[in-house]
Structures are given as C-alpha cells and as structure tokens.
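K.L.:
Got a structure for you, written out below as structure tokens; questions coming shortly.
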Amino acid sequence: MLIQNPLNASELAFPVLECLHIIGFTISVGTIAIVDFRLLGLGMRHQKAADLNRDLWLRTLAGLVIVVFTGLLLYSSDPDTYYLNVAFLFKIVCLLAAIIFHYTIRRKVVSSDASNAYGKIVACLSMALWASVIFGGIFIGFVNAGL
C-alpha cells in the first residue's frame, strides 16, 4: 500500500504553505533587521536596541515558529528533492547558524548595550546569516538535486 502525502493531493496546498513560509520568514527577519539596523545606527535612534529587541521578541519567535512548521511540511512533500539539493542543505546550515547566533551572541550583545563597533560587527554578521538563508531558499528551485 502506497502512502501518499496529503500535500501532494491538492494543487493549492504547496503554494499556500510556501506563502505562509515566506510570510513567517518576513516577520522574523524583518523584526531581526529592525534591531540590527538600530545596532548599526541606521534608524530608531530614539530607542535602545535592547528595548526594541524586548518589544519585538515575540513577533520574531512567532515568525520562526511559522517558518519551521511550514518548512517541515514543505519538506515532507518531496524529501528526496530537498535533501539531495545543495542549495537546500546550504539554507538549512545557514538557518541553524543564524538561529544559534541570534539566541546566543546577538542576544548577549543587544541586551548588554555593547560597544558601538562590536554591535555593528554583530549586526552585520546577523544580517549576512539571514541573507544567506534567503539566498539558499531562492536557489533551491534553480539547483538540480544531486550531491
């Protein structure tokens, strides 16, 4: 007996999930970018980065939960296509690195009001990691499966 994934039974399931995935990612990366831009001194100068982070942490977490949940469902639609795709593997490595960096080093720097130079370095690294996740995701469709 062949088990079929319900996502593959509907023409709309995958595109709707992908839209939710992108919305979740936009929410999480958008809130992270607001704090990173503040660390760089490029906006929201009337607020401390720690205050912004405290105000946005729930939205960031909600976006990440949406991203992970929808990402797992998208992956389940055709696992072979994804785990053999170099762009997908790159995206996942960058996603894990970005999440770890976000909840360790970046969190410590943001909450401690670290020196201006150190804060800028951390903000740049944070944005580079999240941009790498985005580029990895974009290139999944353009890279053929096969290691």
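K.L.:
What residues from region 112-140 fall in the zone where the backbone N is under 16 Å from a label point 7 Å along the Cα-to-C-beta line of residue 100?
P.N.:
Within reach of a label on residue 100, which here means backbone N under 16 Å from a point 7 Å along Cα→Cβ, region 112-140 contributes 126, 129-130, 133.
K.L.:
State the volume of the convex hull built on the alpha-carbon positions of the chain, expressed per residue in Å³ and rounded to an integer.
P.N.:
119
K.L.:
Further question: Between residue 48 and residues 5 or more places away or on another chain, which pairs have amide H atoms under 5 Å apart, with H built 1.01 Å from N, and which residues are they?
P.N.:
When sequence neighbours closer than 5 places are left aside, there are no close amide H contacts.
K.L.:
Roughly what would the spin-label model give for residue 4 and residue 37, points 7 Å off Cα along C-beta, in nm?
P.N.:
Once both label points are built, they end up 4.6 nm from each other.
K.L.:
Label-point separation (nm) for residue 107 and residue 46, each offset 7 Å from Cα along Cα-to-Cβ?
P.N.:
Once both label points are built, they end up 3.0 nm from each other.
K.L.:
Would you check the accessible area of residue 68, probe 1.4 Å, heavy atoms only, in square angstrom rounded to 10?
P.N.:
70
K.L.:
Still on this structure, I have one more. For all pairs of alpha-carbon atoms in region 36-116, what percent lies in each bin of width 5 Å, listed from the first bin to the last filled one?
P.N.:
Calculated over all Cα pairs of region 36-116, the distribution is 3, 12, 18, 20, 15, 12, 9, 7, 4, 1 percent.
K.L.:
Then there's this: How much accessible area does residue 48 have with a 1.4 Å probe, in Å² rounded to the nearest 10?
P.N.:
120
K.L.:
Separate question: Cα axis of helix 116-139 to longest principal axis of the chain: angle in degrees, 0 to 90, nearest 10?
P.N.:
That works out to roughly 10 degrees.
K.L.:
Can I ask one more? Under a 10 Å cutoff between Cα atoms, tell me which one of 24, 136, 71 has the largest fluctuation in the Gaussian network model of the chain.
P.N.:
Checking each option, the largest mean-square fluctuation is seen for 71.
The values are calculated or read from the model by the stated rules, or taken from the named source; none is laboratory data. Predicted, not measured: the structure shown is a model, and the values here were computed from it. As a convention, Cβ positions derive from the backbone with ideal geometry for all residues, glycine included, and neighbour counts pool all protein chains shown. Accessible surface is based on the protein model in full, side chains and every heavy atom, while ligands, DNA and RNA are left aside. Shrake-Rupley method; radii C 1.70, N 1.55, O 1.52, S 1.80 Å.
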